[in-house]
Amino acid sequence: MIIIVLLVNSRIFAQSSSFGDTYVGSGAELLMVDIEHSFLAGSVSAQPGIIVTERTVPRGYFGFVGTASYTGVSDTAHVDGYVRTYMTTPFTFPIGDNGVYRPASVSTSSDTAPTDAAYYGVNPTTDSYPATSVGSGVVNVSTTEYWDINGTTPATITLTWNNASGVTSLTATKIVGWDGTKWVEIPATVVASSTTTAGSITTNNTIAPNTYSVYSLAGIGVLPEGQITAKVLLQGALNGTTGTMTKALNTQNLIPLSDPYGLGATTTSTVLTTNEITDWVRVELRTGTSGATIQESIAALVSIDGTLHNPDGSTPLKFQATTGNFYVAIRHRNHLGVMTASTVALSSIIPVVDFTSSATSTFGSNAQAIIGSIKALWAGNATGLTVGGTDNVRYSTGDVNAITGYLTTQTGSVGGVITGVYTKEDTNLDGIVRYSGGTRDILPITTTILSHPVNQTQTFGFVVTQSF
């Protein structure tokens, strides 16, 4: 049976079900008033479960009034055309096109100023909204879909995507609106549960839907920024029994909110506390023979379990480089750095670089200290990180002298103690610099030198050199 609705004031006051072949003609409106409508897929109908409304002006509408709702939407059960909401509560339009269900939502509407919407599963260029006419910062407007959303009641707008939408990067995905001559970005945030194959994005602020002629997604096909999931442990801060590091610098509010490597990264006290941060580290992407050329460097935060975080607390680590093969190196201001034995591919698949695991091959021999079943960066580099050179740990003419020199300068005596400091001479990262005593800072130096596998005779004159 085919239901044709031609009257504008058609109203249904009981539970309804759609088996398909329902058509709302030009200038007509089929209203659901305070009821639940069930979209049911038919078996023999030409358009099972799909209600069609006239798309050309004057349009037909399938409307929802009062407390009306619906169930059973899918690719084979939705409205192919325009849906209208008269409700002040959030509403998701059960709309689609050509057998594809692609809803959009508004946070509110009005009985006197309703909002309507339709989905078009076509290239907007073909409907006089050229995908290549874009405003500042807009790239890759979708060439497969757009939404026509109309109304004067300000609301937040949510658009959705599926596997066919071509979303490749959540951070690159944007909502754009056609302003009459070009697509412009509308500030919006991707919903947390989203993936690249199914998700949604909502405008940050309310806008009157009529502000823009139509809406679409941008950033389609853009590769995600290079991302790496990484872990590393710092021997000087490590508790060999628990396998976690101290956060003494954190609890004493000594970790600077700006990175100590001069890379321009900043964080907040909340990020440091929430993620149990031990300290800042420097992460490098390298190329060339033996990874000799630094292509990109970022500052990251390392938590007590070794997980590396972006300065905003998020993971994985994000780089400007989106593709390519790079050696990955992690360095610290008073530890020897470590680098992967071979290059790591940056792509849409996020690689894992876990320097705490013996399964991760590292460049050079004895690149890290081995504590039980885990690995950690060699401690004791009290002279500090040298960006363009190779760091080492040495006793009398190097790192011990750095500590004694620091104490002499600060206290006038090698035997002095400095507390509440963030400095490279604090080799165990407890916020205290001392030459003697149970937490003396020469201990990580002597431990590194005397425990190195090559120093079989355990001589203090042995120099431990960074492996790259």
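The values are calculated or read from the model by the stated rules, or taken from the named source; none is laboratory data. Everything numeric in this text was worked out from a predicted model, so none of it was measured. Cβ: placed from backbone, ideal geometry, glycine included. Neighbour counts: every protein chain shown.
With respect to being out of contact with any helix residue (DSSP H, G or I) (no Cβ under 9 Å at 6 or more places or on another chain), of a type in the set (Val, Ile, Thr) and either in contact (Cβ under 8 Å) with a residue 12 or more places away in the chain or assigned by TED's automatic domain parsing to the domain that holds Asp430 (or both), Thr246 falls outside the description.
The lone criterion from (1) under 15 Å from Tyr23 (Cα atoms); (2) of a type in the set (A, V, I, L, M); (3) at pLDDT 95 or above left unmet by Val106 is number (1).
Listed here are the residues, each with its yes/no results for (1) farther than 18 Å from Leu234 by Cβ; (2) in contact with a Leu (Cβ under 6 Å, 6 or more places away or on another chain).
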{"site": "Lys318", "(1), (2)": "yes, no"}
{"site": "Gly324", "(1), (2)": "yes, yes"}
{"site": "Leu346", "(1), (2)": "yes, no"}
{"site": "Asp354", "(1), (2)": "no, no"}
{"site": "Ser358", "(1), (2)": "no, no"}
{"site": "Asn366", "(1), (2)": "no, no"}
{"site": "Ile370", "(1), (2)": "no, no"}
{"site": "Gly389", "(1), (2)": "yes, no"}
{"site": "Thr423", "(1), (2)": "no, no"}
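Just one of the listed residues (Gly177, Gly166) is in contact (Cβ under 8 Å) with a residue 12 or more places away in the chain, in the same structural domain as Ser216 (by TED's automatic domain parsing) and surrounded by fewer than 20 Cβ atoms within 10 Å (Cβ to Cβ), namely Gly166.
The set of residues in the stretch 60-72 that are crowded, with 19+ Cβ neighbours inside 10 Å, of a type outside the set (Phe, Trp, Tyr) and farther than 14 Å from Ala28 by Cα contains only Ala68. Summed over the stretch 264-278, the residues that are over 9 Å from Asp312 (Cα atoms), polar (S, T, N, Q) and not in a helix (DSSP H, G or I) give a count of 2.
Here is the figure for the stretch 355-386: residues that are buried (at least 22 other Cβ atoms within 10 Å of the Cβ) and not in a loop (DSSP other than H, G, I, E, B) total 5. When each of Val421, Val433 is tested for being surrounded by 21 or more Cβ atoms within 10 Å (Cβ to Cβ), at pLDDT 95 or above and either part of a loop (DSSP other than H, G, I, E, B) or of a type in the set (A, V, I, L, M) (or both), the lone residue that passes is Val433. Scanning the stretch 136-162 for residues that are at pLDDT 95 or above and not β-branched (Val, Ile, Thr) returns Ser142, Glu145, Tyr146, Trp147, Asp148, Asn150, Gly151, Pro154, Ala155, Leu159, Trp161, Asn162. Among the candidates Val328, Val352, Val344, the residue that is in contact (Cβ under 8 Å) with a residue 40 or more places away in the chain and either of a type in the set (Asp, Glu) or within 25 Å of Lys424 (Cβ to Cβ) (or both) is uniquely Val328.
One line per residue, one yes/no per condition, for (1) touching a residue at least 12 places away in the same chain (Cβ under 8 Å); (2) under 19 Å from the mean Cα position of the chain (by Cα); (3) in the same structural domain as Ser361 (by TED's automatic domain parsing); (4) not in a loop (DSSP other than H, G, I, E, B):
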{"site": "Glu284", "(1), (2), (3), (4)": "yes, no, yes, yes"}
{"site": "Gln295", "(1), (2), (3), (4)": "yes, no, yes, yes"}
{"site": "Ala299", "(1), (2), (3), (4)": "yes, yes, yes, yes"}
{"site": "Pro311", "(1), (2), (3), (4)": "yes, yes, yes, no"}
{"site": "Ala321", "(1), (2), (3), (4)": "yes, yes, yes, no"}
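In this structure, is Val57 surrounded by fewer than 17 Cβ atoms within 10 Å (Cβ to Cβ), modelled with pLDDT of 95 or more, closer than 23 Å to Ile149 by Cβ and not assigned by TED's automatic domain parsing to the domain that holds Tyr215? Against the criterion (surrounded by fewer than 17 Cβ atoms within 10 Å (Cβ to Cβ), modelled with pLDDT of 95 or more, closer than 23 Å to Ile149 by Cβ and not assigned by TED's automatic domain parsing to the domain that holds Tyr215), Val57 qualifies. Within the stretch 260-281, the residues that satisfy the criterion of being under 23 Å from Asn428 (Cα atoms), surrounded by fewer than 23 Cβ atoms within 10 Å (Cβ to Cβ), in contact (Cβ under 8 Å) with a residue 40 or more places away in the chain and not hydroxyl-bearing (Ser, Thr, Tyr) are Pro260, Val271.
Where strands (runs of 3 or more DSSP E) fall entirely within the stretch 66-141, those with at least 3 residues that are within 32 Å of the chain's Cα centre (by Cα) are at 91-93, 95-97, 104-106, 115-120.
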